[in-house]
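K.L.:
This is the structure I have questions about; it appears just below.
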Amino acid sequence: MPQEENYERFIEKLKRKDQDAWEEAYELYYPKTEAFLRSIKYPSATLKEDAKDIWQETVIVLFINLAKGKVMEDLGGYIYGIIKRKGLKKLKEKMKKTEIKDNNMMPEENEYERLNTFNEIVQDVFKDMAKQKGLKHCIDIIRMFFLERKRDREIAEKTQLSEAYIRVRRSKVCLPYFKKLLQNIINFLTYKTNHLPY
């Protein structure tokens, strides 16, 4: 844990996506992921692989809440709480899938949490886009076209823009910029998971 006098500075660096700070967070807190899974007798065959997934999800939750300005007086305790919730949830899902497999039934995939996390990341991307010049109407166009599944005609009626303008704007400006920002955030959040030392 960083020294108390450096704690707030450390938090600020995490918010700014400072790679050294996130490296330090990984070194300090990732080992707790595997340690917790061992403490709950997690199946050893997939422990390391699943620990990587849990850490990735933990980093995403942490990043989103830091961006929202959530106050964390005890960062280590906060991170451990996420690890614990994610670890117990994954163990429960694994046990359920084993039971379903034993009964020769197809497992049901629960995508709610993943979709919710993705939606939060998309909202962060929209916030970044709102600060950029030259992206007029882009947030509305992307939200309505991709998230609400509206057609160009419906978007045109809602925005009072022409269908031709919407089509060109979406493909030439809005979508390329949106994809770039989204990929940057996803790459950043998954960097440490993809570079674990095993």
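The values are calculated or read from the model by the stated rules, or taken from the named source; none is laboratory data. The structure presented is a predicted model; accordingly, all values stated were derived computationally and were not measured. As a convention, Cβ positions derive from the backbone with ideal geometry for all residues, glycine included, and neighbour counts pool all protein chains shown. Surface areas here come from the heavy atoms of the whole protein model, side chains and all, with no ligands, DNA or RNA. Shrake-Rupley method; radii C 1.70, N 1.55, O 1.52, S 1.80 Å.
K.L.:
Does residue 49 qualify as being assigned to a helix (DSSP H, G or I) and either farther than 26 Å from residue 68 by Cα or in contact with a His (Cβ under 6 Å, 6 or more places away or on another chain) (or both)?
P.N.:
Spelling it out, residue 49 is indeed assigned to a helix (DSSP H, G or I) and either farther than 26 Å from residue 68 by Cα or in contact with a His (Cβ under 6 Å, 6 or more places away or on another chain) (or both).
K.L.:
So residue 16 ticks every box in (1) among the basic types (Lys, Arg); (2) within 20 Å of the chain's Cα centre (by Cα); (3) modelled with pLDDT of 90 or more; (4) over 18 Å from residue 117 (Cβ atoms) but one. Which box is left unticked?
P.N.:
(3)
K.L.:
Further, regarding this structure: Filter the stretch 57-77 for residues that are surrounded by 15 or more Cβ atoms within 10 Å (Cβ to Cβ) and touching a residue at least 40 places away in the same chain (Cβ under 8 Å) and give the result.
P.N.:
Step one: list which residues in the stretch 57-77 are surrounded by 15 or more Cβ atoms within 10 Å (Cβ to Cβ), which gives 57-67, 72, 75.
Matches in the stretch 57-77: 57, 59, 60, 61, 62, 63, 64, 66, 67, 72, 75.
K.L.:
Still on this model: Among the residues of the stretch 110-147 satisfying the criterion of being modelled with pLDDT of 75 or more and not in a helix (DSSP H, G or I), which is least open to solvent (accessible area, probe 1.4 Å)?
P.N.:
Restricting to residues being modelled with pLDDT of 75 or more and not in a helix (DSSP H, G or I), the top hit is 135.
K.L.:
Residues of the stretch 148-188 being within 24 Å of residue 117 (Cα to Cα) and either modelled with pLDDT under 85 or open to solvent by 90 Å² or more (accessible area, probe 1.4 Å) (or both), which ones?
P.N.:
148, 149, 179, 180, 181, 182, 183, 184, 185, 186, 187, 188 - these are the residues of the stretch 148-188 that are within 24 Å of residue 117 (Cα to Cα) and either modelled with pLDDT under 85 or open to solvent by 90 Å² or more (accessible area, probe 1.4 Å) (or both).
K.L.:
Would you confirm whether or not the stretch 31-42 contains a residue that is within 21 Å of the chain's Cα centre (by Cα), within 16 Å of residue 73 (Cα to Cα) and open to solvent by 50 Å² or more (accessible area, probe 1.4 Å)?
P.N.:
Checking the stretch 31-42: not a single residue is within 21 Å of the chain's Cα centre (by Cα), within 16 Å of residue 73 (Cα to Cα) and open to solvent by 50 Å² or more (accessible area, probe 1.4 Å).
K.L.:
Which of the residues that make up the stretch 80-109 are at pLDDT 90 or above and open to solvent by 100 Å² or more (accessible area, probe 1.4 Å)?
P.N.:
Going through the stretch 80-109, the residues at pLDDT 90 or above turn out to be 80-88.
Residue satisfying the conditions is 85 alone.
K.L.:
Going by what's in this entry, would residue 54 be described as open to solvent by 20 Å² or more (accessible area, probe 1.4 Å), of a type in the set (A, V, I, L, M) and farther than 18 Å from residue 10 by Cβ?
P.N.:
Values: open to solvent by 20 Å² or more (accessible area, probe 1.4 Å): no; of a type in the set (A, V, I, L, M): yes; farther than 18 Å from residue 10 by Cβ: yes.
For residue 54, the condition - open to solvent by 20 Å² or more (accessible area, probe 1.4 Å), of a type in the set (A, V, I, L, M) and farther than 18 Å from residue 10 by Cβ - is not met.
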